[in-house]
Amino acid sequence: ARRQQRVGGSQRTISARAALDSYFQVSRTQEPATGPVSHREPSHIARDNQEHSSDEIIEVSDSESSTSAEEEEVVEAAAPLLPSAQETPLAAGLGEHGNHEDEEAEVQQKQVRTPLKKLEPSVPAAPLDEEEGDTCAICFEQWTNAGDHRLSALRCGHLFGYTCIERWLKGQTGKCPQCNKKAKRSDIVILYARTLKALDTSEQERMKSSLEKEQVLRRQAELESAQSRLQLQVLTDECSKLRKQVQELKALVAQHNVSASQQPGSSRTCLPGSLPSSQSQRKYHLEKVFVVSQTGNCRVMAYCDSLSCLVVSQPSPQSTFIPGCGVKMMSVANLKSSQYIPIHTKQIRGLAFGSRADGLLLSAALDNTLKLTSLATNTVVQTYNAGRPVWSCCWCLDDTNYIYAGLVNGSIMIYDLRDTNSHVQELVPQKSRCPMVSLSYLPRMASASLPCGGILAGTLEGACFWEQKAGNSYRPHHLPLEPGGCIDIQTEISTRHCLATYRPSKNNPCVRCVMMELTCSQLAEASEDVVCSSNLVQTFSAGPTCKLLTKNAIFQSPEEDGSVFVCAGDEASNSALLWDAGSGSLLQKLQADLPVLDICPLEVNQTHLLATLTEKMVKIYKWQ
């Protein structure tokens with residue numbers, strides 16, 4: 001009666017229900033482990049389980065009051081097959097045979113469904129698959145959503161870390177590591193998947209960025225520390241040099257106080273050793289002639305002692321292909337000329353070598369530039385634009401990092417080789433703004449006449465000595481020279497003498513070379529400021545013609561006996577005149593074919609030479 005109420009309007013007969021009751025009683029009383037059960041394969045059981053819906057609840061109970069939903073389905077499915085009341089014995093027999101099969105199915109369902117409930121809490125298959133899908137097939141590490149190892153794919157669809165697949169394609173034969181299809185670096189595509197389960201490395205990337213910043217700051221601190229140590233070393237060397245100079249000056253002052261005082265107005269007593277005359281019978285003899293330029297226009301020359309090389313300015317020998325001007329190198333050791341080096345676009349007015357061992361040539365030209373040329377590589381290594389034509393140049397002999405340029409307006413530009421942009425200081429003339437025809441630097445030394453160092457600048461109107469003070473400051477001292485007509489001023493460093501060349505004038509119809517001694521005196525006993533001046537020593541006269549701005553020379557005698565020689569060009573006789581500064585006598589006349597424009601004394605392997613330059617050639621004379 002309870003089953004009829006639950007089923008509702010069921011049409012099953014009493015005989016059919018009796019057969020079902022007998023079936024369920026037999027299935028409850030039999031043992032669960034039967035022979036045919038073991039022959040059922042788990043695949044059939046799983047297939048039977050999959051036929052049930054997801055909301056179906058399976059319960060196995062021995063009580064007669066409750067039955068499973070599966071049993072009700074079996075009853076409903078068997079109802080159409082049950083016979084009428086007259087066929088009850090046959091139905092009972094068939095029901096008994098069906099009881100065994102249903103019993104086996106029920107036992108198998110118990111054996112299969114009960115373990116399924118035990119496996120529900122742990123399902124490791126899905127996480128393992130997910131872990132395999134989150135790792136790179138090359139390095140077996142998880143890829144990330146940021147950084148170098150972010151998720152990337154090839155055209156074939158396989159996923160890798162970006163850095164791994166990039167290195168793979170770079171070092172291998174250009175194939176996918178998984179499917180071996182052809183691939184290249186341009187096929188790598190970075191994926192931006194929203195549902196990607198990637199390792200969050202944002203914090204790690206921030207830490208890396210912080211580490212890189214700290215490393216940059218550390219390198220900057222190390223660089224600043226190294227620069228500070230270098231500056232300290234430079235200042236220490238400078239301090240030791242100054243201490244040595246102070247000791248030399250103290251010794252010189254003590255020696256001067258012991259010796260008898262000399263008359264300051266006498267030209268002969270101003271020179272060290274009273275300007276001894278040369279007693280040697282040797283002279284300069286012509287050794288070699290170099291033809292520099294067939295077209296002429298050679299102007300100046302300079303000698304590099306460290307390279308034993310003489311350089312001469314000249315226009316380009318192939319002006320069609322390489323216009324402008326440059327220098328020609330000549331080896332004084334073997335007396336052979338070398339190659340031409342193009343430097344400037346206009347005429348070169350000044351050449352100078354410093355005390356550096358690398359052989360840097362300083363050149364000044366009318367193209368408004370000051371250039372440094374390396375003779376080791378035959379190339380221009382530095383160019384400074386002065387803004388105006390440059391007439392002269394020289395090196396600082398106390399600090400080889402500084403160079404000087406004399407401009408057409410009389411200004412002196414000071415450049416620091418460590419600053420490649422522009423000049424660091426400009427010395428403006430206080431009087432006339434005439435072109436700076438000559439520049440010479442006198443280094444600081446233990447000299448009684450002029451211990452301080454500075455720049456001797458000569459213009460067409462006169463001369464000025466710029467005394468170098470502490471902190472790279474300069475103080476001008478105007479020398480008492482004749483006003484006007486000065487075309488050149490040269491210096492002799494060790495004896496502190498200078499040679500000024502004057503053009504002919506109304507009062508003096510000949511070219512005059514005036515030799516002077518540079519001196520200084522203190523303004524007050526307790527003051528460190530001095531007044532620099534010059535004293536006349538000797539005057540040398542040449543011919544009556546002077547149309548060119550020539551350069552002369554004053555140097556010590558090759559005999560090294562303390563005497564001083566003066567050599568100047570004479571346009572009237574196309575020669576170079578050599579005088580003894582001690583006696584004022586003319587020692588020699590070196591003949592040339594054209595007016596002598598520049599004179600350069602030099603020494604190679606204890607051999608004293610003298611070079612004279614005309615517009616086309618250089619003559620080398622040997623002292624013997």
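The values are calculated or read from the model by the stated rules, or taken from the named source; none is laboratory data. From a predicted model like this one, the values you see are computed outputs, not experimental measurements. Every residue, glycine among them, receives a Cβ derived from its backbone with ideal geometry; neighbour counts consider all protein chains shown. Ligands, DNA and RNA are excluded from the accessible area calculation, which covers all protein heavy atoms including side chains. Shrake-Rupley method; radii C 1.70, N 1.55, O 1.52, S 1.80 Å.
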* For region 235-254, what are the residues that are surrounded by 11 or more Cβ atoms within 10 Å (Cβ to Cβ) and either over 18 Å from LYS469 (Cβ atoms) or in contact with a Pro (Cβ under 9 Å, 6 or more places away or on another chain) (or both)? -> LYS244, GLN245, GLN247, GLU248, LEU249, LYS250, ALA251, LEU252, VAL253
* Quickly run through region 298-314 and pick out the residues that are in a loop (DSSP other than H, G, I, E, B) and modelled with pLDDT of 90 or more. => CYS298, ARG299, VAL300
* Residues that are out of contact with any helix residue (DSSP H, G or I) (no Cβ under 8 Å at 6 or more places or on another chain), buried (at least 16 other Cβ atoms within 10 Å of the Cβ) and among the charged types (D, E, K, R): which strands (runs of 3 or more DSSP E) entirely in region 405-461 hold 1 or more of them? -> 412-416
* **Restricting region 331-361 to residues that are at pLDDT 85 or above and in contact with a Phe, Trp or Tyr (Cβ under 6 Å, 6 or more places away or on another chain), the residue that is least open to solvent (accessible area, probe 1.4 Å)** => ALA352
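Results for (1) more than 50 Å from the chain's Cα centre (by Cα); (2) modelled with pLDDT of 90 or more; (3) surrounded by fewer than 14 Cβ atoms within 10 Å (Cβ to Cβ); (4) outside the structural domain of ALA611 (by the TED database), shown as yes or no for each residue.
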position: ASN507; (1), (2), (3), (4): yes, no, yes, no
position: CYS513; (1), (2), (3), (4): yes, yes, no, no
position: CYS520; (1), (2), (3), (4): no, no, no, no
position: GLU528; (1), (2), (3), (4): no, no, yes, no
position: SER534; (1), (2), (3), (4): no, no, no, no
position: THR545; (1), (2), (3), (4): yes, no, no, no
position: LYS551; (1), (2), (3), (4): no, yes, no, no
position: ILE554; (1), (2), (3), (4): no, yes, no, no
* Among (1) within 16 Å of SER363 (Cβ to Cβ); (2) open to solvent by 40 Å² or more (accessible area, probe 1.4 Å), where does LEU286 come up short? -> (1)
* To do: Output the number of the condition that ASN472 fails; it satisfies all remaining conditions of (1) closer than 30 Å to GLN247 by Cα; (2) assigned to a strand (DSSP E or B).
  => (2)
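Results for (1) in the same structural domain as VAL327 (by the TED database); (2) buried (at least 19 other Cβ atoms within 10 Å of the Cβ); (3) among the aliphatic types (A, V, I, L, M); (4) in contact with a Pro (Cβ under 8 Å, 6 or more places away or on another chain), shown as yes or no for each residue.
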| site | (1), (2), (3), (4) |
| --- | --- |
| ASP580 | yes, yes, no, no |
| GLY584 | yes, no, no, no |
| VAL596 | yes, yes, yes, no |
| CYS600 | yes, yes, no, no |
| LEU610 | yes, yes, yes, yes |
| MET617 | yes, yes, yes, no |
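The rows are residues; the columns are (1) of a type outside the set (Val, Ile, Thr); (2) open to solvent by 100 Å² or more (accessible area, probe 1.4 Å); (3) assigned to a helix (DSSP H, G or I).
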{"residue": "SER152", "(1), (2), (3)": "yes, no, no"}
{"residue": "ARG155", "(1), (2), (3)": "yes, yes, no"}
{"residue": "PRO177", "(1), (2), (3)": "yes, no, no"}
{"residue": "ARG219", "(1), (2), (3)": "yes, yes, yes"}
